[in-house]
Each structure stands twice: as structure tokens, then as C-alpha cells.
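Below is one structure, written out as C-alpha cells, with a few remarks after it.
The values are calculated or read from the model by the stated rules, or taken from the named source; none is laboratory data. Computed from a prediction, not measured in an experiment: that's the story for all the values here. Don't worry about glycine lacking a Cβ; one is built from the backbone with ideal geometry, like all the others, and counts go over all protein chains shown.
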Amino acid sequence: MKKYLLVIVCVLSAVGATGQSFSKSERMFWLSQVWKDVSDNFYDPDRLVEIGWDSLYMSHIPLVEAAETDAAFTGTLQRFMARVQDGHTHMFDMTTRKPYMAPFAMSYIERGYYIVGWAADRFPGLTLPQEVVSIDGLSVDEYLDMHHIPNVSGSTPQWRRRQALNDFNFSDEATSLTIVLCGVEDGRTTTRSVRYEPMAAFANAAVAAVDSPHKRGNNVYPQEDKHGRTAYRIDLKGFEGYSGNVQGG
């Protein structure tokens with residue numbers, strides 16, 4: 001039976017709850033604790049040999065020592081555990097919650113990435129859904145591989161992608177992204193600069209979302225649903241049918 005490493009999550013959260021920075025000795029303790037608990041409890045010792053778990057521990061010592069903030073330190077621990085690539089072996093950082101949020105959410109649908117929800121006033125002149133063609137000059141897969149896949153655990157590419165999309169939604173900093181979009185309805189390509197904003201900035205935002213983004217066909221057919229909301233029957237190239245609702249837009 002797999003053993004779950006939830007004890008690491010709970011103990012680490014309790015230490016960080018004081019609001020004080022982790023000292024060098026505390027950082028080394030938690031790195032060593034993660035290494036030991038995985039070594040003792042992980043269900044597949046051969047996997048740990050395969051990835052060089054002991055060598056990874058040694059290589060992460062200078063990384064946790066060099067981390068300039070608690071968020072950077074706990075992020076290093078997350079990436080350390082993510083090297084196991086098992087969906088049940090990971091760490092939730094409850095002490096340094098990322099304070100900034102992207103103004104849109106993506107879903108992966110039939111080998112493409114689509115915006116299925118956003119703060120509508122950040123995207124004037126555009127309608128949902130939009131395909132995300134690139135982020136900062138990279139394909140979405142390349143961007144996720146570089147910035148988010150290393151942070152997440154999972155034994156399958158599908159699960160790691162899903163977790164990476166969740167990780168994408170939040171940031172430690174108010175950074176900006178340049179995204180290229182292609183409208184599903186009109187086929188128009190546009191480039192927009194968006195930034196991660198404090199969560200409070202979205203408190204009164206007009207949020208638009210496509211419900212149940214699954215696939216169906218070749219065109220977009222607007223209609224009203226039983227609640228009077230605009231609804232779309234959307235055909236996307238290679239999709240198998242879906243009907244969704246756009247709310248608030």
C-alpha cells in the first residue's frame with residue numbers, strides 16, 4: 001500500500017504559522033525530514049534508486065540555503081518532492097500562499113489550451129472561448145515545462161499538466177505575460193499583455209466563464225439558455241461536441 005506523506009505538510013505548516021522566516025538550521029531540518037520520510041515510506045524503493053534520491057538530496061542543500069524568502073524555500077522543497085513524480089507524494093505550502101492571480105483560467109482540450117474563464121474587463125473587445133497560441137514567445141507546453149511542471153508531482157503527463165495549469169493561476173510576484181490568442185468564434189489572432197494581480201483586485205470583477213469545456217464540431221452557435229444567459233454550441237476543429245454557457249459577459 002502507498003504511504004502518504006501528509007505528516008510533512010502538517011508539520012511544515014505549523015512551523016510557518018508563526019510568520020517568522022525559517023532559519024538555516026530549520027531549512028536543513030525540513031529538507032532532511034522530507035528526504036528521510038520519502039526514503040522510509042515511499043512504496044517503490046527502486047524508483048528512488050532510479051532517480052538518484054540521495055544525490056538529489058545533496059544537490060538541494062545549497063538550493064535551500066540560498067533561497068532568499070520562505071516562498072522560495074518551500075518552492076524548492078516542492079520541486080525536490082516533485083522529482084519523485086508520484087501524485088501521492090507532494091507538499092502543499094499553506095504558509096506562503098502566492099498572493100497574485102492570473103486574470104484568466106486555461107483548460108487543455110484535445111491537444112490545445114483554451115481560456116474558458118476570465119475577468120472580462122481585462123480583455124476588452126474579445127469573446128470567449130479563446131485558444132492560447134503562445135505565452136511570452138513560447139508554446140503553452142514549453143512555457144509550462146519551463147515554469148510550472150517542475151513544481152508539481154504526478155505519475156502521468158496528464159496529471160502533471162493538470163497540476164501545472166493550477167500552479168499557473170498563481171504567482172509570488174505581480175509579473176506580466178504576453179499572450180497570443182486566437183478567437184474560436186471569429187478566428188482573429190490578438191496579442192495581449194496581462195499581469196498577475198492581487199486577489200482583492202478581482203473582488204468586483206465581471207467574471208465570464210464557459211461551462212463544461214468539452215468539444216463538438218466546427219462553428220459557434222450563440223443561443224440563450226433557460227436562465228437567459230448567452231449560450232454557445234461550439235465546434236472546434238477535431239472536437240467531439242460540447243455546449244457551454246458564457247456567464248457575466
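May I ask you to say which residue of 184, 132, 152, 180 is touching a Phe, Trp or Tyr at 6+ places or on another chain (Cβ under 6 Å) and of a type outside the set (D, E, K, R)? Unique residue meeting the criteria: 132.
Within the range 34-53, if we keep just the residues that are among the charged types (D, E, K, R) and surrounded by 11 or more Cβ atoms within 10 Å (Cβ to Cβ), the residue that is farthest from residue 78 (Cα to Cα) turns out to be 44. Would you check if there is a residue in the range 86-103 being in a strand (DSSP E or B), among the aliphatic types (A, V, I, L, M) and either surrounded by 14 or more Cβ atoms within 10 Å (Cβ to Cβ) or not assigned by TED's automatic domain parsing to the domain that holds residue 153 (or both)? Yes, some residue in the range 86-103 is in a strand (DSSP E or B), among the aliphatic types (A, V, I, L, M) and either surrounded by 14 or more Cβ atoms within 10 Å (Cβ to Cβ) or not assigned by TED's automatic domain parsing to the domain that holds residue 153 (or both).
Taking the criterion of being more than 16 Å from residue 115 (Cβ to Cβ), of a type outside the set (Val, Ile, Thr) and at pLDDT 90 or above, the residues of the range 167-196 that qualify are 174, 176. For the range 134-144, indicate whether the set of residues that are modelled with pLDDT under 90, more than 15 Å from residue 194 (Cβ to Cβ) and not hydroxyl-bearing (Ser, Thr, Tyr) is non-empty. No. Here the condition is being polar (S, T, N, Q), closer than 30 Å to residue 80 by Cα and touching a Gly at 6+ places or on another chain (Cβ under 9 Å); of 163, 130, it holds for 163 alone. Considered as a group, the residues in the range 114-151 that are among the hydroxyl-bearing types (Ser, Thr, Tyr) and free of Cβ contacts under 8 Å to residues at least 40 places away in the same chain include one that is surrounded by the fewest Cβ atoms within 10 Å (Cβ to Cβ), and that residue is 139. Can you confirm whether residue 65 is assigned to a helix (DSSP H, G or I), at pLDDT 80 or above and surrounded by fewer than 14 Cβ atoms within 10 Å (Cβ to Cβ)? It is true that residue 65 is assigned to a helix (DSSP H, G or I), at pLDDT 80 or above and surrounded by fewer than 14 Cβ atoms within 10 Å (Cβ to Cβ). When residue 175 is tested against (1) over 30 Å from residue 67 (Cα atoms); (2) out of contact with any Leu (no Cβ under 9 Å at 6 or more places or on another chain), just one condition goes unmet, and that condition is (1).
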